[in-house]
Amino acid sequence: MCRAARIYGYFVPPKTWCPMVSQRLMVQASYSDLMVVAHIITGANPTLLRGDLEDLTLTLQDDTVCLTSNEVYLDSLLECIKAILSVSPEINSISSQLFKIIITVDGLSNGADLQKATQEAIEVLAKNQNITAEQLYKKELGPLLKTMKLECEEWTNNSFRVSIFTKLLIRAGSVLGHYPDLVMSIFHQVLNRENQAVEAEMKLKLFLTLSRLLLDLKNTLDSKNEFKSLALKIVTDLIIPAIKWQGGRKAEAVRIAATSSLYSVFQSGSISPKDLWSTPLSSKLIPSMNRLLEDDSIRARLFTVQTYQFVFEQGRVLIPMDYLVKICEVLMKRLDDVNDEVRMACLKTLESVLHCLPPGGANAQLEHYMQGVYSKLLLHMDDSNEQIRNAALGK
């Protein structure tokens, strides 16, 4: 069949078969249909095909044709794109459509081989235009994100677009630094919805992606040093609402992912101590973090303790004494946590409090607090866990 399709493509002009192929695919495309089309394209005369490529790629990139989770089908769709790239060196006019199809296959596929094949196709698409893959992403990413911004209000848990969007952000890498406002506007539109029960899975996927980007900020959203102005808005509008306690396992998963994002924000240094302690942010964020230290989830507690370590190390003497004492009081309770990893993190974080002590000597409130700290640490110097004992002793 494949050989016959190539012969058909060689002898029958594209003006004849392109309309029939497009009609067939738009009605009910199958993976075998796409494989036949790929071989027809391979056998076609490149000069004759050139005039019909735009219509053909518009068909292939249509939602009815390319949005599916079927791996075999996606593989056949990618074969069509590879066939176009192999027979047509002049693809500038259809580059956007080809790029969209390739990132769609990448975003919806789970197989490592198919995902590797999509990255190879991106390289070929870029090479055909005498540019690098990074330059191709820079060229195509902005328009594609603008289209996604218009569509994202309709995204749901089952939307294929969510998977495509999150995978695209990971693949784009440092190119995201050219579009941080656009990227974050999509996060804001989706994550600020009210119906959290329905959209918990989607929010979880987006927060996990956001956390991953924030953790490697200099190589993603902040590669052009244009991101820091957005960090406060991320914390106030996205993270704080998401870390409020809600019942249910899905809500807990979202809360953990949001706490991970908060950790990534402070780990990256995106929020300066002045931004935190000289604005209303501290009065909203710190009480929420203190409540997280009592959360049922071990990971939520651990992320919060580790985030406080960054807060102490970065804020130092700028941290108001009443906030410092209150935070430490809650942290001290975590020394009795059921999880030893949380306990170890608490000891390291409490050690960072030394950075925050005023240089001119302690006041009465701080002296009273420090007495309680030393008393608590003495108890843990005789802990049954050797690691805890050593950490309490400062070894």
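The values are calculated or read from the model by the stated rules, or taken from the named source; none is laboratory data. Predicted model, so just to flag it, every value in this text is computed and none were measured. Quick reminder, even Gly has a Cβ in these numbers, built from the backbone with ideal geometry, and neighbours come from all protein chains shown. Accessible surface areas use protein heavy atoms only, side chains included; no ligands, DNA or RNA. Shrake-Rupley method; radii C 1.70, N 1.55, O 1.52, S 1.80 Å.
Looking at (1) surrounded by 19 or more Cβ atoms within 10 Å (Cβ to Cβ); (2) over 26 Å from residue 129 (Cα atoms), which is the only condition residue 24 fails?
(1)
Write out, first by first residue and then by second, each pair whose Cβ atoms fall under 6 Å of each other, whose residues are 6+ apart or on separate chains, and whose first residue, in the stretch 211-231, is free of Cβ contacts under 8 Å to residues at least 60 places away in the same chain while the second is in a loop (DSSP other than H, G, I, E, B) and among the aromatic types (Phe, Trp, Tyr).
Here the result reads 221/227, each pair linking the stretch 211-231 to a residue that is in a loop (DSSP other than H, G, I, E, B) and among the aromatic types (Phe, Trp, Tyr).
Per-residue answers, yes or no, for (1) of a type in the set (A, V, I, L, M, F, W, C); (2) surrounded by fewer than 16 Cβ atoms within 10 Å (Cβ to Cβ); (3) touching a His at 6+ places or on another chain (Cβ under 8 Å):
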{"position": "45", "(1), (2), (3)": "no, yes, no"}
{"position": "53", "(1), (2), (3)": "yes, no, no"}
{"position": "75", "(1), (2), (3)": "no, no, no"}
{"position": "78", "(1), (2), (3)": "yes, no, no"}
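Would you confirm, using the coordinates I've provided, whether residue 29 is exposed (fewer than 15 other Cβ atoms within 10 Å of the Cβ) and not hydroxyl-bearing (Ser, Thr, Tyr)?
no
Among the residues of the stretch 226-242, what is the count of those that are touching a Lys or Arg at 6+ places or on another chain (Cβ under 9 Å) and open to solvent by 10 Å² or more (accessible area, probe 1.4 Å)?
3
Which residue is nearest to the chain's Cα centre (by Cα), if the candidates are limited to the stretch 291-314 and must be open to solvent by 20 Å² or more (accessible area, probe 1.4 Å) and basic (Lys, Arg)?
We begin by selecting, within the stretch 291-314, every residue open to solvent by 20 Å² or more (accessible area, probe 1.4 Å); these are 291, 294, 296, 298-299, 302-303, 306, 309-310, 313-314.
Those left that are additionally basic (Lys, Arg): 291, 299.
Details: 291: 25, 299: 19 Å.
Applying the filter and picking the extreme gives 299.
Within the stretch 137-160, which residues are without any contact (Cβ under 8 Å) to a residue 40 or more places away in the chain and buried (at least 16 other Cβ atoms within 10 Å of the Cβ)? Break it down stepwise before answering.
Residues of the stretch 137-160 that are without any contact (Cβ under 8 Å) to a residue 40 or more places away in the chain, as a first pass: 137, 141, 146-148, 150-154, 158.
Correct list: 137, 141, 148, 152.
Counting only residues that are among the charged types (D, E, K, R) and either open to solvent by less than 20 Å² (accessible area, probe 1.4 Å) or under 13 Å from residue 295 (Cβ atoms) (or both), how many does the stretch 250-266 have?
So in the stretch 250-266, the residues among the charged types (D, E, K, R) come out as 250, 252, 255.
Next, only the ones that are either open to solvent by less than 20 Å² (accessible area, probe 1.4 Å) or under 13 Å from residue 295 (Cβ atoms) (or both) stay: 252, 255.
So the count comes out to 2.
Does residue 330 satisfy the criteria of being assigned to a helix (DSSP H, G or I), more than 20 Å from residue 265 (Cα to Cα) and not small (Gly, Ala, Ser)? Working first, answer last.
On the way: assigned to a helix (DSSP H, G or I): yes; more than 20 Å from residue 265 (Cα to Cα): yes; not small (Gly, Ala, Ser): yes.
It is true that residue 330 is assigned to a helix (DSSP H, G or I), more than 20 Å from residue 265 (Cα to Cα) and not small (Gly, Ala, Ser).
State which residue pairs qualify: first residue under 14 Å from residue 101 (Cα atoms) and inside the stretch 116-132, second residue of a type in the set (Phe, Trp, Tyr) in any location, beta carbons under 7 Å apart, and separation of 6 or more residues or different chains.
125/99
Does residue 317 qualify as being open to solvent by 20 Å² or more (accessible area, probe 1.4 Å), at pLDDT below 95, part of a helix (DSSP H, G or I) and β-branched (Val, Ile, Thr)?
Working: open to solvent by 20 Å² or more (accessible area, probe 1.4 Å): yes; at pLDDT below 95: yes; part of a helix (DSSP H, G or I): yes; β-branched (Val, Ile, Thr): yes.
It is true that residue 317 is open to solvent by 20 Å² or more (accessible area, probe 1.4 Å), at pLDDT below 95, part of a helix (DSSP H, G or I) and β-branched (Val, Ile, Thr).
Filter the stretch 61-73 down to the residues that are part of a helix (DSSP H, G or I) and more than 21 Å from residue 116 (Cβ to Cβ), then identify the one that is most open to solvent (accessible area, probe 1.4 Å). Show your work before the answer.
If we filter the stretch 61-73 for residues that are part of a helix (DSSP H, G or I), which is where we start, we get 63-66, 71-73.
Restricting the remaining residues to those that are more than 21 Å from residue 116 (Cβ to Cβ) gives 63-65.
Details: 63: 68, 64: 90, 65: 2 Å².
Looking at residues that are part of a helix (DSSP H, G or I) and more than 21 Å from residue 116 (Cβ to Cβ), I get 64.
Out of all the residues in the stretch 186-201, is one or more at pLDDT 95 or above and closer than 23 Å to residue 136 by Cβ?
Yes - at least one qualifying residue is present in the stretch 186-201.
What residue, of 276, 215, 208, is more than 17 Å from the chain's Cα centre (by Cα), under 26 Å from residue 299 (Cα atoms), of a type in the set (A, V, I, L, M) and surrounded by fewer than 22 Cβ atoms within 10 Å (Cβ to Cβ)? Steps first, answer last, please.
On the way: 215 fails: more than 17 Å from the chain's Cα centre (by Cα); 208 fails: more than 17 Å from the chain's Cα centre (by Cα).
Residue meeting the stated conditions: 276.
For the stretch 260-283, how many residues meet the condition of being over 24 Å from residue 209 (Cβ atoms) and outside any helix (DSSP H, G or I)?
4
Please determine whether any residue of the stretch 114-123 is closer than 20 Å to residue 220 by Cα, crowded, with 16+ Cβ neighbours inside 10 Å and at pLDDT 95 or above.
So far as the stretch 114-123 goes, yes, one or more of its residues are closer than 20 Å to residue 220 by Cα, crowded, with 16+ Cβ neighbours inside 10 Å and at pLDDT 95 or above.
Of the residues that sit in the stretch 80-113 and are acidic (Asp, Glu) and open to solvent by 10 Å² or more (accessible area, probe 1.4 Å), which one is nearest to residue 140 (Cα to Cα)? Give the steps one after another, and end with the answer.
First pass over the stretch 80-113, keeping only residues acidic (Asp, Glu): 90, 106, 113.
Filter once more, so that each one left must be open to solvent by 10 Å² or more (accessible area, probe 1.4 Å): 90, 113.
Values: 90: 17, 113: 24 Å.
This residue is 90.
For (1) of a type in the set (A, V, I, L, M); (2) part of a helix (DSSP H, G or I); (3) under 15 Å from residue 59 (Cα atoms), each residue gets a yes or a no:
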site	(1), (2), (3)
3	no, yes, no
8	no, yes, no
19	no, yes, yes
24	no, yes, yes
27	yes, yes, yes
33	no, yes, yes
40	yes, yes, no
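Taking residue 284, is it surrounded by fewer than 18 Cβ atoms within 10 Å (Cβ to Cβ) and either touching a residue at least 40 places away in the same chain (Cβ under 8 Å) or over 15 Å from the mean Cα position of the chain (by Cα) (or both)? Before you say what the answer is, go through the steps one by one.
On the way: surrounded by fewer than 18 Cβ atoms within 10 Å (Cβ to Cβ): yes; either touching a residue at least 40 places away in the same chain (Cβ under 8 Å) or over 15 Å from the mean Cα position of the chain (by Cα) (or both): yes.
Yes: the conditions hold for residue 284.
Test residue 186 against the stated conditions and say whether it is open to solvent by 30 Å² or more (accessible area, probe 1.4 Å), of a type in the set (A, V, I, L, M, F, W, C) and in a helix (DSSP H, G or I). Before you say what the answer is, go through the steps one by one.
Working: open to solvent by 30 Å² or more (accessible area, probe 1.4 Å): no; of a type in the set (A, V, I, L, M, F, W, C): yes; in a helix (DSSP H, G or I): yes.
No; evaluated as a whole, the condition is false for this residue.
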